[in-house]
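Encoded as structure tokens, the structure appears first; notes follow it.
The values are calculated or read from the model by the stated rules, or taken from the named source; none is laboratory data. Computed from a predicted model, the values in this text were never measured in an experiment. Because the Cβ atoms are built from the backbone with ideal geometry, glycine has one as well, and the counts that use them run over all protein chains shown.
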Amino acid sequence: MLSEKSRSRIFTGFSPIVGEEAVGEMLAHYPATEGEQPVTKDHLDARLSQEIGALRIELHKGINRILIWIPTAMAAMSGLVVALVRVGT
């Protein structure tokens, strides 16, 4: 965390060089209070693992639905073919 004094010095020192808006954007990436923390690699890795896990669960659910739907559709088509053959004879 940058202290308010450090933030002020950085803002004052860099503003004439790159402009107030650019310095403000840069400082927005640094925590302003103790409660805020920058994202760490470990935190990002953990979050990514959660998201990948959730995606895998959704993919498995979708595949399971397909694996149930295909045999059901095939059985229905077989029944339809048998019915059409019986009607034709």
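Are any residues in region 9-19 of a type outside the set (A, V, I, L, M, F, W, C) and surrounded by 12 or more Cβ atoms within 10 Å (Cβ to Cβ), and if so, which ones? If the condition is that a residue be of a type outside the set (A, V, I, L, M, F, W, C) and surrounded by 12 or more Cβ atoms within 10 Å (Cβ to Cβ), then ARG9, SER15 are the ones that fit. Being modelled with pLDDT of 90 or more and of a type outside the set (Asp, Glu) is a property that ARG56 has. The residue of region 1-19 that is farthest from the chain's Cα centre (by Cα), among those that are modelled with pLDDT under 90 and part of a loop (DSSP other than H, G, I, E, B), is SER3. Considering only residues in region 20-53 that are within 16 Å of SER3 (Cα to Cα), surrounded by 10 or more Cβ atoms within 10 Å (Cβ to Cβ) and of a type in the set (Gly, Ala, Ser), the one that is modelled with the lowest pLDDT turns out to be ALA32.
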